[in-house]
Amino acid sequence: MSCLASCCAAATCGLCSSVASGISKRSARLAYCGLFGGSLIVSWILREVAPTLLKKIPWISGSHTYSTEWYQQEAVLRVSLGNFLFFAIFALLMIGVKDQSDRRDSWHHGGWTAKMVIWVILIILMFFLPNSVISIYGTLSKFGAGLFLLVQVIILLDFTHSWNDAWVEKDEQKWYIALLVVSIACYLLAFTFSGILFIWFNPSGNDCGLNIFFIVMTMILAFSFAVLALHPNPSAASEETIIDQIHVTCLMYLCYQENDLKGNQPDKFNLTRVNGSLLPASVIALYCAYVCYTGLSSEPRDYACNGLHNKSQAVSASTLILGMLTTVLSVLYSAVRAGSSTTFLSPPSSPKSGGNKPLLESEDTESGKEKKEAEAKPVSYSYTFFHLIFALASMYSAMLLSGWTSSSESSEMVDVGWTSVWVRICTEWVTALLYVWSLLAPIFFPDREFF
């Protein structure tokens, strides 16, 4: 057996070494995502076996008698803390990295064998910490998870606007029609799904006023998004008739006409006349409906207005899988988008940042600059922000697996309880507020440029 164990350990080390050596600069971000995904799997496995293992560790179990849920939360939080420290340390080390000539650039992209060893050691060391430290981290994780959800919403807004701009820039009739079709489809799905929520979470014979309020508010928000997005900009509305405004709105989604209703040739896309586009509004409306569902499905299983309580295990598993998948995709997209579209996320020397340049430069200065650029190529995204996203995601995943450190539900349930409900609903409302602000900010502050 000892020989077999040694062979397995050697094979595992050899596999890790070969994988680490095959990670290039371009695949480094995906490797970090894989490492984060590995931490989720480890947390999930330890959550299932935690009560048996942790009871045998004297400095964790002590002389107290803890419930199964407590041991599960301890295992999840300790793995999360190790993962958080790994990415937080790298976030601090990468502060101020501006070009690839910096030694720390190689730390970010290389040394994967050492990184895996450090990651494993950090997670193991967390199981030697006293319970009081883990309790403090559990409290802080609630705020970190909320911050990650806020970043997730901002990323969603950035994605929808980028998607809309990419199709608009093609300036072809088929893409305008595609915008209209996708927008209508998203709104139909959002309102249809909201109607289904009435059936699932408003059973007949029960007073479910709170659930009705959540669902109706979601539908009102979806409708208001469309009104605000298509409403003309007040500064432009004063210069046009109602017919002109309707015509411009139609042009945004159908095709470019040679003449408008008055015989004049309008701009193809004068976005100053309207607040926004229907595509981002429809996607945000669909997302809010999904978040409302996740919130309602997190209600306690003994709550009469939770119509899914008879399928608790299936709902719990689907909620966990969807939550984990959303988390991994959000982190992956955050990693890819980090510093790629927003100026403040890019280092000052990055080509994506808005650094000031003199209009006239001497030939000597230009030649010297070319040599310096050849020697030091600027980084394409912020390494610090990149690792910070993973650190916050570690906190969020811990809250997702531990039910936001609430022990009121069965250990078989994941992300269930009133804390989870209100976190989801508040996330939906914050999403709505941020989207509305993205439409109103250019009107309130016309002199400022919003990216």
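The values are calculated or read from the model by the stated rules, or taken from the named source; none is laboratory data. None of these values were measured; they are calculated from a predicted model. We place every Cβ from the backbone using ideal geometry, glycine too, and count neighbours over all the protein chains shown. Remember, those area values only see protein heavy atoms, side chains included, never the ligands or the DNA or RNA. Shrake-Rupley method; radii C 1.70, N 1.55, O 1.52, S 1.80 Å.
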Taking Phe445, is it aromatic (Phe, Trp, Tyr) and either open to solvent by less than 30 Å² (accessible area, probe 1.4 Å) or at pLDDT 80 or above (or both)?
-> no
Within the stretch 52-79, restricting to residues that are surrounded by 11 or more Cβ atoms within 10 Å (Cβ to Cβ) and of a type in the set (Ser, Thr, Tyr), the one that is nearest to the chain's Cα centre (by Cα) is Tyr71
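Rundown of residues vs (1) over 21 Å from the mean Cα position of the chain (by Cα); (2) among the small types (Gly, Ala, Ser), yes/no style:
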position	(1), (2)
Leu149	no, no
Ile155	no, no
His161	no, no
Asp165	no, no
Glu169	yes, no
Val181	yes, no
Ala185	yes, yes
Leu189	yes, no
Determine which single condition Trp107 fails, assuming it passes every other condition in (1) farther than 25 Å from Ile41 by Cβ; (2) outside any helix (DSSP H, G or I); (3) among the aromatic types (Phe, Trp, Tyr).
-> (2)
Of Ile124, Ile118, the only residue that is in a helix (DSSP H, G or I), farther than 21 Å from Thr384 by Cα and modelled with pLDDT of 90 or more is Ile124
Out of all the residues in the stretch 215-244, which are assigned to a helix (DSSP H, G or I), modelled with pLDDT under 60 and within 26 Å of Leu434 (Cβ to Cβ)?
-> Pro234, Ser235, Ala236, Ala237
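For every residue, the table says whether it meets (1) outside any helix (DSSP H, G or I); (2) open to solvent by 60 Å² or more (accessible area, probe 1.4 Å); (3) out of contact with any Lys or Arg (no Cβ under 8 Å at 6 or more places or on another chain); (4) more than 27 Å from Gln72 (Cα to Cα).
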site: Leu129; (1), (2), (3), (4): yes, no, no, no
site: Ile136; (1), (2), (3), (4): no, yes, yes, no
site: Lys142; (1), (2), (3), (4): no, yes, yes, no
site: Leu149; (1), (2), (3), (4): no, no, yes, no
site: Ala166; (1), (2), (3), (4): no, no, yes, yes
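Among the residues in the stretch 35-43, are any at pLDDT 80 or above, closer than 23 Å to Ser80 by Cβ and open to solvent by 60 Å² or more (accessible area, probe 1.4 Å)?
Yes, that holds for at least one residue.
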How many residues, within the stretch 64-73, are touching a helix residue (DSSP H, G or I) at 6+ places or on another chain (Cβ under 6 Å) and within 17 Å of Tyr137 (Cα to Cα)?
-> 3
